[in-house]
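Derivation of every value follows stated rules applied to the coordinates shown; laboratory data play no part. Source: prediction; values computed, not measured. Cβ: placed from backbone, ideal geometry, glycine included. Neighbour counts: every protein chain shown.
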């Protein structure tokens, strides 16, 4: 199991597949996800909804909670139940709906197991109790892995408050409350929720490196920590930037690099991948977004972990870049962390240089000329001795300085080196940062 980010934001008719056909009477038939066939009006077929979320991160903007919904010519705001300070988190249920002017259009209140205890006005979304989708036609909520019988039933029919299918896993076999595989949220729906249908979610659940995640919160936390965020109890979300990232396992490391269309090959350790990933996060924080860095480096890149002297470079180098491939050598990871991270940024700056050209605007009536970033970047003070070996190296050292400042010593670890000038900083801000 792995967290899928981002979740689908376009809602079709709930629980229907896309297969449909028109009958002779003009009504429509649709195949439900449980393979049953039902009919519904053509108007309903043509309607669709799009959701907007907040509290996520730029790399995955829909990773937060749904806060608004759009359907043709109409916008609604979705307000969830108020977070509880004693419980540390709200349940995320849709409690109120407002129109584009902020006026209330609908309100919902729930009993502990999800029954609607009060409703008024119009609530146009089917995402209701704990933010899960209600399938009112069958009286169940869909929790990802299975259905729960917790919505309103017919008069006199008891509410089960249970899943209708057994859990396929036992998330915490040492906890007797987990042994009932039909129970919802360990029979404590006021404190816990279960968005995955597999395990109760509670912010702060332990997630040790040597154990697979057993809760939805853990899976999400695994992704956020890999991108430099940590849980903030004050906002009840991953909104606090941290100085360091953490790859809990090889799987999340692979997911991280895949987001940037980078293929890893060779003998990488998890700690080496973490150092490279940390440098990339530092880089895109300086740039402004992960999407901007991904755009700059393009797709189809390879990071190769190899012994010294492999690839196109001599044994004296700690890393080497040729077009879209970077070789990382043994000697690099024997160096200090600041040098390793600065070198990663230096080499990525070469890829950006290979991929980028910028226009040199000529006088009116003349044709513009184009040049690579390193060709157009002015050489001024000596940044490092290595940076003096050519324009491409000077450019890459300048970018490393732009990201890390004088914390990156380059090959000048024994003395204080020169920092880039205000003019050079401004150019990198414009060319890379897009400012």
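Among 399, 281, sorting on how many other beta-carbon atoms sit within 10 Å of each Cβ, with the fewest leading, yields 281, 399.
Taking the fewest neighbouring Cβ atoms within 10 Å as the starting point, the ordered list for 380, 69, 280 is 380, 69, 280.
Legend: ranking of residues 125, 116 from fewest to most surrounding C-beta atoms inside 10 Å; resulting order 116, 125. Taking the DSSP beta bridges with both ends in the range 231-359, the antiparallel portion is around 40 percent.
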